[in-house]
Amino acid sequence: QVQLVESGGGLVQPGGSLRLSCAASRIIFSLYTMDWYRQAPGKQRELVATITSGGSTNYADSVKGRFTISRDNNKNTVYLQMYSLKPEDTAVYYCKGHANYNVNAYWGQGTQVTVSS
């Protein structure tokens, strides 16, 4: 079974930092584009950051300059390093993997990030 497991969420003060991790198993990880999404209660799920199999990255305007997505193909893991966190970053963060050769996309269970004083 394909599994994506997020970790690293928690409670942090405004201006603080967190690093989220998403560990994948049972996929050819190096072939997958990996995304981070987030969803706050009552809000739409939004795409935060993307990293392709070739290492190209894209970010939502709301996080550009504060968040960095990276991947370690040897560890089958994608990361989201978050700096200068704001209360509006509070959400459940989800990892997603997708590849052109596979019609399926895979989602993790999510990890809660709460930014509050």
**OP:** May I ask for the distance between the Cα centers of the stretch 1-43 and the stretch 76-117, given as a whole number of Å?
**Re:** 3 Å
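Expressed as a whole percent, how much of the Cα-Cα distance distribution for the chain exceeds 17 Å? Please list the in-between numbers first.
On the way: 3423 of 6786 pairs.
Beyond 17 Å sits 50 percent of the P(r) for the chain.
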Subject >> the stretch 88-117 residues near the modelled ALA40 label - backbone nitrogen below 14 Å, point 7 Å along Cα→Cβ >> reply: 88-93, 113-117
**OP:** Please give the per residue accessible area of the stretch 1-77, computed with a probe of 1.4 Å over protein heavy atoms only, in Å².
**Re:** 56 Å²
Original post:
Of the accessible area of the stretch 1-63, with the probe set at 1.4 angstrom, what percent is carbon plus sulfur?
Top reply: 46 percent
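Just to confirm a number: summing +1 for Lys and Arg and -1 for Asp and Glu over residues other than ALA105 whose beta-carbon lies under 10 angstrom from that of ALA105, what do you get? Spell out each step's value before the answer.
Working: positive: LYS96; negative: ASP35.
Summing Lys/Arg as +1 and Asp/Glu as -1 gives 0.
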**OP:** Please give every one of the lysines within straight-line cross-link reach of LYS43, meaning a C-alpha to C-alpha distance under 25 Å, and leave out same-chain neighbours fewer than 8 residues apart.
**Re:** LYS64, LYS86, LYS96
**OP:** Mind listing the long-range amide H neighbours of VAL48? Cut-off is under 5 Å, sequence gap 5 or more, other chains count too, H placed in the peptide plane at 1.01 Å from N.
**Re:** TRP36, TYR37, ARG38
**OP:** Assign unit charges at the C-beta atoms only (+1 for Lys and Arg, -1 for Asp and Glu), then state the dipole size of the chain relative to its Cα centre in Debye, rounded to the nearest 20.
**Re:** 80 debye
**OP:** At q = 0.13, 0.20, 0.26, 0.34 Å⁻¹, what is the base-10 log of I(q)/I(0) for the stretch 39-83 according to the Debye formula with one equal point scatterer per Cα and no solvent? Please give it to two decimals.
**Re:** -0.33, -0.70, -0.98, -1.21
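The values are calculated or read from the model by the stated rules, or taken from the named source; none is laboratory data. Predicted model, so just to flag it, every value in this text is computed and none were measured. Ideal geometry is used to build each Cβ from the backbone, glycine not excepted, and the neighbour counts take in all protein chains shown. Areas reflect the complete protein model, heavy atoms only, side chains present, ligands, DNA and RNA absent. Shrake-Rupley method; radii C 1.70, N 1.55, O 1.52, S 1.80 Å.
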